[in-house]
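Enquirer: Sharing a structure here in C-alpha cells format.
Just so it is clear, none of the values below were taken in a lab; they were calculated from the coordinates. Fair warning: this is a prediction, and the values are worked out from it, not measured in the lab.
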Amino acid sequence: MWLNLGRLLMLFVWAFLLLNIVQPFPKPLTYFVNVALIFMVLMHGLQLVLLKATQPKDAAKLSRFTQVKIFFFGVFELLAWQKKHYPKQ
C-alpha cells in the first residue's frame, strides 16, 4: 500500500514539474521548478544506470517497461522490484 502511495506521489511530482514546461509559472518559481526537473531526471537516470551496472551477469535483463517504471517512480519502483526478485527468506 505504501509503495502505491509513493508511486502516486511521484506521478503528482512529475505532473507538477512538467506542467511548468506547458504553462510556465511566475518568474522566480519557474527557475526553481526547471532546476528541480533537471535534478529529478538526472537522479532517476542515475538510479537506473546504477541498477543496471550492479546486476549480476547471470541475472535476467531488465525489460524496457521495467526500466521506464524505475525511471518514473524512482526508489518506490526499486523497492517493489527488489521485493519481487529478492523476497525475504
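Enquirer: Taking Rg and Dmax of the Cα atoms in Å straight from the coordinates, which label in (1) 12.3, 36; (2) 15.5, 53; (3) 12.2, 43 is the correct one?
Expert: Recomputing Rg and Dmax of the Cα atoms in Å here picks out (2).
Enquirer: Looking at the chain as a GNM with Cα springs under 10 Å, which of VAL35, VAL75, VAL22 has the largest mean-square fluctuation?
Expert: Comparing VAL35, VAL75, VAL22 in a Gaussian network model of the chain, the most mobile one is VAL22.
Enquirer: Now a separate question. If I take every Cα pair under 8 Å that is 6 or more residues apart in the chain, average their sequence separation and divide by the length, what percent do I get for the relative contact order?
Expert: Worked out over the chain, it gives 40 percent.
Enquirer: Pairing the Cα long axis of helix 64-73 with the longest principal axis of the chain, what angle in degrees results, from 0 to 90 and rounded to the nearest 10?
Expert: Between helix and principal axis, roughly 50 degrees.
Enquirer: How many lysine pairs are close in the chain, with Cα atoms under 28 Å apart and the two 8 or more places apart or on different chains?
Expert: Count of close lysine pairs: 16.
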